[in-house]
Amino acid sequence: EDKVVQSPLSLVVHEGDTVTLNCSYEVTNFRSLLWYKQEKKAPTFLFMLTSSGIEKKSGRLSSILDKKELFSILNITATQTGDSAVYLCAARGEGSNYKLTFGKGTLLTVNP
Amino acid sequence: NAGVTQTPKFQVLKTGQSMTLQCAQDMNHEYMSWYRQDPGMGLRLIHYSVGAGITDQGEVPNGYNVSRSTTEDFPLRLLSAAPSQTSVYFCASSPAGGPYNEQFFGPGTRLTVL
């Protein structure tokens, strides 16, 4: 059974801190890993990773994938209160028409 | 461009009632799916469809039915609502069911079953 585990489950930081969110996965015939941000509504897409060692970057957010060790990290530098959200990681393998298996999410709270 | 739309936004049902959650997308996406999100559980796949006329079960399909008569619409039916179906339901779509497509999510329906 495909499985995605995120850590930590929750995190409280102060504005300006740098955070690292972790995602490990076990999926059959892995194809891609996706990160989403969810702020009390629908998840919004952040990154899709398919190759090891290639960093994806968008502003203060970046992410990288390690296909050998089966994990990904999402980094947020110089955090702001607007970064407060649940961050979801999802992995996709070849099974079941490439369905996404989601982790439980990391709740990030950024205090001023 | 409306993207993925869901109705209603909120719904309260009594145990045993039936209802249909509506989902529509205007992006001509082939792949559509329904998830439920419960506290501490992440998103769990209920049913999905890889195109009109084709549906399949996800990991938590019991108590739900779907159909896909058009590319645009993918309704989710609760046959006889139970308190365990209290949840937030998200519909999502992507251009195709392949391995490298992002899924776009609707705004969600918050369902309470009393």
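Nothing in this text is a laboratory measurement; each read-out follows from the coordinates by a stated rule. Owing to the predicted nature of the structure, the values given are computational and were not obtained by experimental measurement. Glycine also receives a Cβ, built like all others from the backbone with ideal geometry; neighbour counts cover every protein chain displayed.
Annotations for the structure displayed:
- Inter-chain Cβ neighbour count for B:99-111, averaged per residue, equals 5 (cutoff 10 Å, partner chain atoms only).
- Net charge contributed by nearby residues that have their C-beta within less than 10 Å of A:Leu61 (K/R +1, D/E -1): +3
- Taking amide H as placed 1.01 Å from N in the peptide plane, A:Ser32 has its amide H under 5 Å from the amide H of A:Arg92, each at least 5 places away in sequence or on another chain.
- Between segment B:13-76 and segment A:18-67, the alpha-carbon center distance in angstrom: 25 Å
- Bridge type composition, chain B - antiparallel percent by DSSP, nearest 5: 90 percent
- Only beta bridges with both residues in the protein assembly as shown are counted; by DSSP, about 90 percent of them are antiparallel.
- For chain A, relative contact order (Cα pairs under 8 Å, six or more residues apart, normalised by length) works out to 37 percent.
- Its relative contact order, with pairs defined as Cα atoms under 8 Å and 6+ residues apart, puts chain B at 36 percent.
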